[in-house]
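In what follows, a structure is listed as structure tokens, so that the remarks can point back to it.
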Amino acid sequence: MRRNRNQGRWRASVGITIAIMLVAALTSAAAADDTEVAREPAVGTEPSPLGEHGSGPRLRGELPASLCRGLLGPDDARLARWKVTSWRLQRCMRLNQIQVIGTHNSYKLLPEPGLFTALATFDQTLADSIEYEHSPLAEQFSDEGVRQIELDVFADPEGGLYADRPILDALGLDNVTPPELLEPGFKTLHIQDVDFASSCLTFVSCLEQVNAWSSANRNHLPIVILVELKSESIPDPLDLGFVTPLAIGPDDLDELDAEIRSVFDERQIISPDDVRGDYATLEEAVLAGRWPTLAQSKGKVMFLMDNAGTARTDYIDGRPSLEGRVLFTNSTPGNPDAAFVKMNEPRGNEDAIAELVADGYIVRTRADSPTDEARSGSTERREAALASGAQWVSTDYPVPGRSPWSDYEALIPGGQPARCNPINAGPRCEASKLERIRPS
């Protein structure tokens, strides 16, 4: 009998010890939330639904739907003691529930002074519209809180198409061809033959800069890269021999995907297939809230296509939900590929953008248009953009003092790289806990 009582006490002691260890482990993990960002594996090919949408298996990097509703949803007395920590927030918050500042034509540098003076003499309106530039991409990410960039690309499969720059010869300016312009592949320029100074002349070199910064700053919020495909000619009134850009067709679009994959592996990219999972269409997945959590998205990149029209239809040909593609297309609700919507003008469209965001789509808008707001100091467009809930608000003035004409700037309120989306994030979200970068 004594032996049985001793065995009983021993089992009870072991049970209590195990319970204490489990509680301690959970408490320790929660306590570490505010000092360390836990590592997570790459997002899988079948992300699970948003907390309050549908059901399905959870992946690492997300918490149960019931806990996320308590954490981010309306006040719930039963879960009031559930502390909002970075670790928990990033496993409940989804990619579409934040708002960040992006830059427009993020690679752009000012034309050299002699060229700019000549352009202003010939066309002051054109000169006014291009009188802005950006820091190198790494500085934008590290020092300016930018988490979305825009790259304009021209097809140049043989290399050398944009190497001549005849306007420099016509003006008697130095014209030394950068070797990058001789390489085959997409070139990153604003306006060929006129406004071509760039901090990364090839698409691949731009992506390599992004990848280098990302590798050195793990756990950053996803860097979103908007790609504009350019193929329009420009007037050549002095018959200097300006380049006629190549049309961008299906083969070029395949090459665009290949150039992206030459820099980033699949684990680094948030792709349409990642979001679609086993839903019939990408749009169905988006409306069901299948965007990855911030924990599943951190340290990754995501690509958007600025263009609609022929570029979009060629890109989705035979892949209506972007199966196997890299970029999310600029689509409209009701289409199988609808996930991303570009709506550059927020003024008068605040409600339309807010409705898209509430439905689950991701939206890019603009806080300013070339140099208009920077010259006038008007903040109307910026305030409309931020209030709309568009996830990416692009600007050419992401830091104070960038405008030489006024004190205009476009920053995320509160000074963080991101804030809780004003439309769909919930009342307990805390912006300071959205990103915890850990340098490598």
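Of all the accessible heavy-atom surface of the range 277-419, with the other protein chains kept in place and a 1.4 Å probe, what percent is carbon and sulfur? Display every interim value, and only then the final one.
Values: 2150 of 4760 Å².
Of the solvent-accessible surface of the range 277-419, carbon and sulfur hold 45 percent.
Based only on the alpha carbon positions, what is the Kirkwood hydrodynamic radius of the range 231-301, in angstrom?
15.6
Could you work out the relative contact order of the range 66-189, using alpha carbon pairs under 8 angstrom and six or more residues apart, expressed as a whole percent? Intermediate results must be reported in sequence, preceding the final value.
On the way: 119 pairs, mean separation 29.7, N = 124.
With pairs under 8 Å counted, the relative contact order is 24 percent.
Given a Förster distance of 45 angstrom, what is the FRET efficiency for Asp236 paired with Leu67, based on the Cβ-Cβ distance and rounded to 0.05?
About 0.15, to the nearest 0.05.
How much accessible area per residue does the range 335-440 have, in Å², with a 1.4 Å probe?
38
Each residue of the range 172-186 in order: what ³J(HN,Hα) in whole Hz does its phi give by Karplus 6.51 cos²θ - 1.76 cosθ + 1.60, θ = phi - 60°, with x for Gly and Pro?
x, 9, 4, 9, 9, 6, x, x, 4, 6, 8, 7, x, x, 5
Sticking to Cα atoms, compute the Rg of the range 292-340 to one decimal and its Dmax as the biggest Cα-Cα distance, whole number, in Å.
According to the Cα coordinates of the range 292-340, Rg and Dmax are 11.8, 35 Å.
How far apart, in nanometres, would the label points at Ser215 and Leu182 be if each is projected 7 angstrom from Cα along the Cα-to-Cβ direction?
2.6
Expressed in nm to one decimal, what extension gain is obtained for the pair Glu383 and Glu133 from 0.36 nm per residue of sequence separation less their Cα-Cα distance?
Stretched fully, the Glu383-Glu133 segment lengthens by 87.8 nm.
Report the relative contact order of the range 282-411, percent, no decimals, based on alpha-carbon pairs under 8 angstrom and at least 6 residues apart.
Normalised by residue count, the contact order of the range 282-411 is 19 percent.
Can you give the FRET efficiency for Val84 and Leu246, using 1/(1 + (r/R0)^6), R0 = 41 Å, r = Cβ-Cβ distance, to the nearest 0.05? Can you show the working numbers first?
On the way: r = 51 Å, r/R0 = 1.26.
Calculated value: 0.20.
Of the cross-linked pairs Lys83/Lys300; Lys83/Lys433; Lys230/Lys298; Lys230/Lys300, which ones have a Cα-Cα span greater than 22 Å in the structure shown?
Those over the limit are Lys83/Lys300; Lys230/Lys298; Lys230/Lys300.
Pairs of Cα atoms under 8 Å, at least six residues apart: use those to get the relative contact order of the range 134-232, whole percent.
Details: 126 pairs, mean separation 38.8, N = 99.
Relative contact order here is 39 percent.
What whole-number distance in Å separates the alpha-carbon centres of the range 257-327 and the range 188-206?
25
Quickly work out the Ala258-to-Glu355 label distance, labels modelled 7 Å from Cα along the C-beta direction, and quote it in nm with one decimal.
About 4.3 nm separates the two model spin labels.
Take the alpha-carbon centre of the range 380-405, take the same for the range 99-172, and report the distance between them in whole Å.
Cα centres, the range 380-405 to the range 99-172: 19 Å.
The values are calculated or read from the model by the stated rules, or taken from the named source; none is laboratory data. These numbers come from a predicted model, not from an experiment. For neighbour counting, all protein chains shown are included, and Cβ atoms are generated from backbone atoms with ideal geometry for every residue, glycine included. Heads up: the accessible areas ignore ligands, DNA and RNA and are worked out on the full protein's heavy atoms, side chains in. Shrake-Rupley method; radii C 1.70, N 1.55, O 1.52, S 1.80 Å.
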